[in-house]
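I have placed the structure first, in the form of structure tokens, so that the comments after it can refer back to it.
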Amino acid sequence: MTDTAIDIEALRASHARQYDPYSTATIQEHLDDIADRRENLPMSFSEKGGFWLATTYDDIAGMLRRNNKGFISFPNIPDGVLAFGQKRQIPIELDGPIHAQYRKLLDPLFSPSKVKGMEEQVRQIAIDLIAGFADKGEVDLVPEFAFPFPGTVFLSVMGWPVEDADMMNKWVGAFLHGVPGGTEEETLAARVDASEKSRAYIQAIVDDRRANPRDDITTAIVQAEFDGEPIPDEDLSDLFILLMMAGLDTTASVIAQSMAYFAKNPAKWDEMFADPDDIDAAVEELLRWTSPAVPTRNVADESAEVGGLELPKGERIHCPLAAANRDPKYYPDPDEIQFDRDPHPHLTFSLGTHRCIGVHLARQELRIAFEELRRVMPTFRLADGVEPKEHLSLTWGVEDVRLVFTPQDS
Ligand code: HEM
């Protein structure tokens, strides 16, 4: 209990409604539940996990915008229990001046002009991956393209060996998903193993850039100084691991959810490419509709207002960005994909001080992925008897997107 005048126990009790971020419902079932809450109890408290759930665009956007102004991002997980036991993730769980220093370093490295310069590199990676299945007429999209594509792009733009993509993707898979179908012990062991190996791998890269600086993003980060001091090795390692993970599941989720949708809605796949000038707008609508990320914010001041409630310091508020992006206040018929929507800014990349660093890179990757997939798969459908499997958790996504198509001649 805090020492403010707010009777938090009474407030929690009067807004109680359980929420399971790891529910096995489909994404649409889950969004139907969120729509019901938005209508009837827009801010609810889940005793299990001990956090609030925000469901309206205005409440979520307002909180994200007020980071460092009443709210902070640590811990950025609904139940407050830190992943892998311990530390703040850099930079996503840092706030205040230290976070600003990281942004000052990183933002220019992923600026629109820097990302434009990566375009050919990114397109070649898409072309090479697609060449691996183009003449087969079938693809298991997530493992063969949606997941390795952003991972390989990451290695390439960082100046790390792209041949290491499979190894890195395995580590990231262990961090994010553990051992699917395995025991908790197996998952823990896989994560410890991935952590040790990825840290050793990154340390070797850091040492190499110190000895042999190059004109690349990695060298710029390794050589950076905050207040005249270099970034400690352990923090560099944390930062590179976060950078490695941040763009993988998210980008993969947007590609895989979109392609699963197009498999069932082929006319939309054609509509997306009807006018090349409209592709960027179509990608934005797919980003709104797929919204994979689910940030959490924490009250940092003595109290802060959300959705008409005054919450005391320390209360955690979970903010699935899909909840904001499906709010009918701004998006009529929110569950439908409409490429010609009034472009009210979606929150898929968050807002405020933690807004995604990779936003320009992600948009470019997505556009290129869809363009290159279109070249080899002008028409496609789900393989017989296959139904993609959606999952919630800390990045919403879909697996088992097995597609069949007619191989093209060239
Ligand atoms: C479709 C793909 C992507 C989506 C949907 C996405 C989404 C997000 C969101 C929602 C956040 C903020 C979370 C919060 O407010 O707590 C974030 C932060 C971040 N993203 Fe992305 N992201 C994507 C791709 C990428 C890529 C490709 C990179 C690689 C550079 C990247 C790097 C980061 C980093 C470093 C942060 C932390 C920023 C900070 O804490 O200041 N993201 N991303």
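The values are calculated or read from the model by the stated rules, or taken from the named source; none is laboratory data. Values in this document were obtained by computation on a predicted structure and should not be read as measured data. With ideal geometry, Cβ positions are generated from the backbone for all residues, glycine too; neighbour counts draw on all protein chains shown. These area figures cover heavy atoms from the full protein model, side chains too; ligands, DNA and RNA do not enter into them. Shrake-Rupley method; radii C 1.70, N 1.55, O 1.52, S 1.80 Å.
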Of all helices (runs of 4 or more DSSP H) fully inside the range 246-349, the set with 2 or more residues that are charged (D, E, K, R) and away from the ligand (no atom under 11 Å from the Cβ) is 266-272, 279-290
Show the residue pairs that are 6+ apart or on different chains and have beta-carbon atoms under 6 Å apart, the first residue being within the range 248-274 and within 16 Å of Met377 (Cα to Cα) and among the hydroxyl-bearing types (Ser, Thr, Tyr), the second being assigned to a helix (DSSP H, G or I) and within 11 Å of the ligand (Cβ to nearest atom). Ser258/Leu286
For Tyr22, which of the numbered conditions (1) among the aromatic types (Phe, Trp, Tyr); (2) surrounded by 14 or more Cβ atoms within 10 Å (Cβ to Cβ); (3) part of a loop (DSSP other than H, G, I, E, B) fails to hold? (2)
Among the numbered criteria (1) of a type outside the set (D, E, K, R); (2) within 20 Å of the chain's Cα centre (by Cα); (3) on the phi > 0 side of the Ramachandran plot, which single criterion is violated by Gly96? (2)
Just wondering, is there one or more residues in the range 256-267 that are of a type in the set (Phe, Trp, Tyr), open to solvent by 30 Å² or more (accessible area, probe 1.4 Å) and under 23 Å from the mean Cα position of the chain (by Cα)? yes
Answer with yes or no whether Asp235 is open to solvent by 30 Å² or more (accessible area, probe 1.4 Å), touching a helix residue (DSSP H, G or I) at 6+ places or on another chain (Cβ under 7 Å) and assigned to a helix (DSSP H, G or I). no
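Conditions tested, residue by residue: (1) open to solvent by less than 30 Å² (accessible area, probe 1.4 Å); (2) closer than 21 Å to Asp107 by Cβ; (3) in contact (Cβ under 8 Å) with a residue 40 or more places away in the chain.
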{"residue": "Glu186", "(1), (2), (3)": "no, no, no"}
{"residue": "Ser198", "(1), (2), (3)": "yes, no, yes"}
{"residue": "Gln203", "(1), (2), (3)": "no, no, no"}
{"residue": "Asp208", "(1), (2), (3)": "no, no, no"}
{"residue": "Arg214", "(1), (2), (3)": "no, yes, yes"}
So Gly307 clears everything in (1) open to solvent by less than 50 Å² (accessible area, probe 1.4 Å); (2) on the phi < 0 side of the Ramachandran plot; (3) over 14 Å from the mean Cα position of the chain (by Cα) except one condition, right? Which one? (2)
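Take the conditions touching a Pro at 6+ places or on another chain (Cβ under 9 Å), acidic (Asp, Glu) and either surrounded by fewer than 18 Cβ atoms within 10 Å (Cβ to Cβ) or not in a helix (DSSP H, G or I) (or both) and apply them to Asp166. Does it pass?
Values: touching a Pro at 6+ places or on another chain (Cβ under 9 Å): yes; acidic (Asp, Glu): yes; either surrounded by fewer than 18 Cβ atoms within 10 Å (Cβ to Cβ) or not in a helix (DSSP H, G or I) (or both): yes.
The answer is yes for Asp166.
Within the range 140-163, identify whether any single residue is over 28 Å from Ala200 (Cα atoms) and either touching an Asp or Glu at 6+ places or on another chain (Cβ under 9 Å) or not in a loop (DSSP other than H, G, I, E, B) (or both), and answer yes or no. Reasoning before the result, please.
The initial filter retains those residues of the range 140-163 that are over 28 Å from Ala200 (Cα atoms), namely 140-141.
If we keep only those that are either touching an Asp or Glu at 6+ places or on another chain (Cβ under 9 Å) or not in a loop (DSSP other than H, G, I, E, B) (or both) too, we end up with 140-141.
Scanning the range 140-163 turns up at least one residue that is over 28 Å from Ala200 (Cα atoms) and either touching an Asp or Glu at 6+ places or on another chain (Cβ under 9 Å) or not in a loop (DSSP other than H, G, I, E, B) (or both).
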First in the range 91-113 and more than 15 Å from Cys356 (Cβ to Cβ), second anywhere and among the β-branched types (Val, Ile, Thr) and not in a helix (DSSP H, G or I), Cβ under 7 Å, 6 or more apart: Asp95/Ile72
Mind listing whichever residues of the range 358-378 are assigned to a loop (DSSP other than H, G, I, E, B) and over 18 Å from Lys268 (Cβ atoms)? Gly358
Looking only at the range 59-109, how many residues end up being closer than 17 Å to Asp301 by Cα, of a type in the set (Lys, Arg) and open to solvent by less than 60 Å² (accessible area, probe 1.4 Å)? 0
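Just give me the residues in the range 97-123 being within 10 Å of the ligand (Cβ to nearest atom) and aliphatic (A, V, I, L, M), in sequence order. If you could, list the steps in order and put the result at the bottom.
Pass one, the range 97-123, residues within 10 Å of the ligand (Cβ to nearest atom): 99-100, 102-103, 106-107, 109-110, 115.
The answer is Ala100, Leu106, Leu109, Val115.
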Restricting attention to the range 365-383, and to residues there that are open to solvent by less than 30 Å² (accessible area, probe 1.4 Å) and within 16 Å of the ligand (Cβ to nearest atom), which single residue is farthest from Ile92 (Cα to Cα)? Leu373
Counting only residues that are surrounded by 20 or more Cβ atoms within 10 Å (Cβ to Cβ) and out of contact with any strand residue (DSSP E or B) (no Cβ under 6 Å at 6 or more places or on another chain), how many does the range 35-45 have? 2
Looking at Thr219 and the list (1) more than 14 Å from the ligand (Cβ to nearest atom); (2) open to solvent by 10 Å² or more (accessible area, probe 1.4 Å), which single condition is not satisfied? (2)
Scan the range 81-88 and give yes if some residue there is in a loop (DSSP other than H, G, I, E, B) and in contact with a Ser or Thr (Cβ under 6 Å, 6 or more places away or on another chain), otherwise no. no
